[in-house]
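Note sheet for the following structure.
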Amino acid sequence: GIVPGMVRDGIKLLNLDRIGRVFQLQFLTPYRLSTLTKGYYPTPPHGFGHDRLIHSVTSAVMQASIYQGLQIDRTTLLIGILAELAHDALTSAGGDMMKLIDPVFFDEDAMIGRLFVSEAAGWKKLRDKYPLPASTPDLIQAIINGEGWQGQVHDVTDSCSYVALDSYELAVSYASPEAQENCHPDHRAIIELARNGASRLWQHVTVSNGQTVIGDD
């Protein structure tokens, strides 16, 4: 199973704590006017409380639960968890909007190998402590690329983590009656999607003939 401290060490040794300061989805709530005794004033957008690190850890927890339910071997489990922790590690400080400037240069998925080539990154210490095979960086790259059933599981948990966290933040931002009246239709649809259980699809994942399958139970 999961070795105690592995997630903490992975975050520390691969310097993943930097993405705890990347809030690429911070401002989604549209500006709206609120009535005060002095008239109308613009209310700032709601700031999202979660960041890329919280998203990555949430995705890792979902994936670990899936793997344990499938009784996957320990090494495969640990590699899967590391892939989730690291999949957004090289996201630009400006978030996904930076990809509009140069999609190739700011493609964090394609650059993931950089985490494992520098001794300063701590990969060797992490590999030796747990231990993990030398092929781990290549396996993580394949998972992040969406290859095989593990890549498909990654796509599921990555998406579910976003839906779960983002919809919660949206629900909080529209908690007041006034805010609900001004809720953008697209945002209302996202909140309703989450309430219907879309963010819990990971709980129904199985693997059949080398393919990830989402059951209807």
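Candidates 91, 76: the one that is within 17 Å of the chain's Cα centre (by Cα) and of a type in the set (Val, Ile, Thr) is 91.
Would the stretch 111-121 turn up any residue that is under 19 Å from the mean Cα position of the chain (by Cα), assigned to a helix (DSSP H, G or I) and either touching a residue at least 60 places away in the same chain (Cβ under 8 Å) or within 23 Å of residue 70 (Cα to Cα) (or both)? Yes, that holds for at least one residue. Regarding the stretch 139-154, can at least one residue be identified that is part of a loop (DSSP other than H, G, I, E, B), in contact with a Gly (Cβ under 9 Å, 6 or more places away or on another chain) and open to solvent by less than 50 Å² (accessible area, probe 1.4 Å)? Looking through the stretch 139-154, none of the residues is part of a loop (DSSP other than H, G, I, E, B), in contact with a Gly (Cβ under 9 Å, 6 or more places away or on another chain) and open to solvent by less than 50 Å² (accessible area, probe 1.4 Å).
Here residue 103 passes the criteria (1) assigned to a loop (DSSP other than H, G, I, E, B); (2) of a type outside the set (A, V, I, L, M); (3) open to solvent by less than 80 Å² (accessible area, probe 1.4 Å); (4) over 25 Å from residue 67 (Cα atoms) except the one numbered (3). One residue stands out among those in the stretch 187-216 that are among the hydrophobic types (A, V, I, L, M, F, W, C) and touching a strand residue (DSSP E or B) at 6+ places or on another chain (Cβ under 8 Å): the one that is surrounded by the most Cβ atoms within 10 Å (Cβ to Cβ), which is 205. Scanning the stretch 172-182 for residues that are more than 22 Å from residue 56 (Cβ to Cβ), assigned to a helix (DSSP H, G or I) and in contact (Cβ under 8 Å) with a residue 12 or more places away in the chain turns up 173, 178, 179. Screening the candidates 132, 126 for the property of being surrounded by 14 or more Cβ atoms within 10 Å (Cβ to Cβ) and touching a Gly at 6+ places or on another chain (Cβ under 9 Å) yields one hit, 126.
The values are calculated or read from the model by the stated rules, or taken from the named source; none is laboratory data. Model, not experiment: these values are computed from the prediction. Methodologically, a virtual Cβ is constructed for each residue, glycine included, from the backbone with ideal geometry; neighbour enumeration extends over all protein chains shown. Surface areas here come from the heavy atoms of the whole protein model, side chains and all, with no ligands, DNA or RNA. Shrake-Rupley method; radii C 1.70, N 1.55, O 1.52, S 1.80 Å.
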